[in-house]
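Okay, so here's the structure we're looking at.
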Amino acid sequence: MKVQVQLDSDYIIPEAFIKTSEITERVVRVENMILSENCKEDFFISAWDRDFLIKLEPSKIYRFFSSDKKVYVQTENEVFLVKMRLYEIEELLQKPVFARFARISNTDIINFNFVKNFDMSLAGTICVNLKNKTRTFVSRRYVSKIKNWLGV
């Protein structure tokens, strides 16, 4: 792999470009390494634990979900209220620090880092089992998107 660094006073924020003829495992590793450096910036999600506002790091979030017209964020052992709409969270998740998040239904956005497995034994449905023993389902509308994302 060839690396080239160019100094340019017009660039305040560094940019990385990867030129390749195909996406290989090595290219993906380099991309993830660059993105993980961006994760060290102070990105967080504000959530409510009763009367307390807390900061959650993206690396600790298992999923966002809506229930009873409210939106929640789930960590390994806890669930907190988020005072944002799911579509607003989805827009926020476009930042590189959130690259491992994906919408799987109208009510769920999951972090692929915490997926234990995908159960595809049900016809036309994908059950997502998270590492904290939470189960959720990919809606029919998102099945093809998730299959493409997984390379299935």
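The table below lists the values:
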quantity: Residue within region 131-146 that is touching a helix residue (DSSP H, G or I) at 6+ places or on another chain (Cβ under 8 Å), open to solvent by less than 90 Å² (accessible area, probe 1.4 Å), in a strand (DSSP E or B) and not β-branched (Val, Ile, Thr) present; calculated: no
quantity: Tally of residues being open to solvent by 100 Å² or more (accessible area, probe 1.4 Å), under 23 Å from residue 92 (Cβ atoms) and at pLDDT 85 or above across region 26-56; calculated: 3
quantity: Unique residue being under 23 Å from residue 67 (Cα atoms), touching a Cys at 6+ places or on another chain (Cβ under 7 Å) and of a type outside the set (S, T, N, Q) when the list is 135, 100; calculated: 135
quantity: Check on residue 112, closer than 30 Å to residue 29 by Cα, at pLDDT 90 or above and not aliphatic (A, V, I, L, M); calculated: no
quantity: Matching entry among 23, 18, 12 (being farther than 22 Å from residue 57 by Cβ and at pLDDT below 75); calculated: 12
quantity: Subset of region 113-152 (residues that are over 13 Å from residue 75 (Cα atoms) and among the aromatic types (Phe, Trp, Tyr)); calculated: 118, 137, 142, 149
quantity: Set 84, 120: member being open to solvent by 50 Å² or more (accessible area, probe 1.4 Å), under 17 Å from residue 43 (Cβ atoms), more than 16 Å from the chain's Cα centre (by Cα) and at pLDDT below 95; calculated: 84
quantity: Residue 64 vs. criteria within 24 Å of residue 32 (Cβ to Cβ) and part of a strand (DSSP E or B); calculated: yes
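Every residue, every condition in (1) closer than 23 Å to residue 147 by Cβ; (2) open to solvent by less than 100 Å² (accessible area, probe 1.4 Å); (3) assigned to a helix (DSSP H, G or I), yes or no:
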{"residue": "71", "(1), (2), (3)": "no, yes, no"}
{"residue": "88", "(1), (2), (3)": "no, yes, yes"}
{"residue": "94", "(1), (2), (3)": "yes, no, no"}
{"residue": "102", "(1), (2), (3)": "yes, yes, no"}
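The values are calculated or read from the model by the stated rules, or taken from the named source; none is laboratory data. If you're wondering where the values come from, they're calculated on a predicted model, not measured in any experiment. Neighbour counts are summed over all protein chains in view; Cβ atoms, including those assigned to glycine, are modelled from backbone coordinates with ideal geometry. Heads up: the accessible areas ignore ligands, DNA and RNA and are worked out on the full protein's heavy atoms, side chains in. Shrake-Rupley method; radii C 1.70, N 1.55, O 1.52, S 1.80 Å.
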